[in-house]
1. Using θ = phi - 60° and the Karplus form 6.51 cos²θ - 1.76 cosθ + 1.60, what ³J(HN,Hα) does each residue of region 23-39 get, whole Hz, x for Gly and Pro?
2. Using only the alpha carbons of region 34-105, what is the convex hull's orientation-averaged projected area in square nanometres?
3. Please check: in the Gaussian network model of the chain (C-alpha springs, under 10 Å), which one of His92, His128, His173 has the largest mean-square fluctuation.
4. Out of every Cα-Cα pair in the chain, what percent are more than 30 Å apart?
5. Within region 92-188, which trypsin sites (Lys or Arg not before Pro) sit in a loop by DSSP and count at most 15 neighbouring Cβ atoms inside 10 Å?
6. Report the GluC sites (Glu not before Pro) located in region 112-206 that are in a DSSP loop and have at most 11 other Cβ atoms inside 10 Å of their Cβ, or state none.
7. Which of Pro60, Pro44, Pro27 moves the most in a Gaussian network model of the chain with Cα springs under 10 Å?
8. When the helices in the chain are scored as -39500 (n - 2.57) per DSSP H run of 4 or longer and the sum is shared across all residues, what 222 nm value do you end up with, to the nearest 500 deg cm²/dmol?
Amino acid sequence: MFIVAVTGGIATGKSTVTKVFERQGIPVIDADKIAREIVEPGQPCWQKIRATFGDEVLLPSKELNRAVLGRMIFENKELRGKLNQITHPVIHRTIFWRVFKLFMSGHAWIVLDLPLLFETGILMDFIHKIVTVSCDSEKQLQRLLARNELSETEAVNRIESQMPLEKKCEKSHFVVDNNGSILATEEAAMRIYTMMQESKQHWYNRFSLLGAILIIVFTIVFLSATFDLWPKSWRF
């Protein structure tokens, strides 16, 4: 199995691309969805956030008040770092576990929707191909303002908290230009899907893993036989 990461900036249209892969039957692991799941009331991350930021970041229902928390962390880099320290390790562990389960299910390839792929850098070594969904800065700002109830200053702060799109595009294998119509974006995603379907990388990865396992087993057997480590009950 190999992994394709879809990244980009906030409000650039990553979900439009990942939905194309999902419709073709490719499993998608969405880091943002995981981030929402792990901060549900009562969860360990929720408890740590409450202890760190206080009850002012909670709604009467005890759910996180994302508007208040968002204003706090995007106006204060130190607070943003504290939140990341609470959530990022859990998000990454959850991603690793879900990837492992999909690998064991026999999937040839999967997609990770990772908005902060480059910013964190933690999963880079496991990615086969990177797709960045991009649009011009003015359109990105307009989309974010239309999607979220933010002031222009708040929206700009959120955009600027991430790596510039130009740098993400430079580091990617594919760039999907999402300045045009949804149809054009979907067609670009389908071209990438076709290329990934034709790739034999998943066979290479599986044979490499099998080879590594065989080497480990052979080494254990060889050392055990050489140094007479086998228990007597195992001997013929």
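1. Along region 23-39, the couplings run 5, 8, x, 8, x, 10, 9, 9, 5, 5, 5, 4, 4, 6, 5, 7, 10 Hz.
2. It is 5.2 nm².
3. Looking only at His92, His128, His173, the largest GNM fluctuation is found for His173.
4. Within the chain, distances greater than 30 Å cover 38 percent of Cα pairs.
5. Listed in order of number, the matching sites are Lys171.
6. Glu149
7. Pro60
8. Value at 222 nm, helices only: -18500 deg cm²/dmol.
Read-outs throughout are calculated quantities, based only on the coordinates presented, and are distinct from any laboratory measurement. Keep in mind the model is a prediction, meaning the values are calculated, not measured. Glycine also receives a Cβ, built like all others from the backbone with ideal geometry; neighbour counts cover every protein chain displayed.
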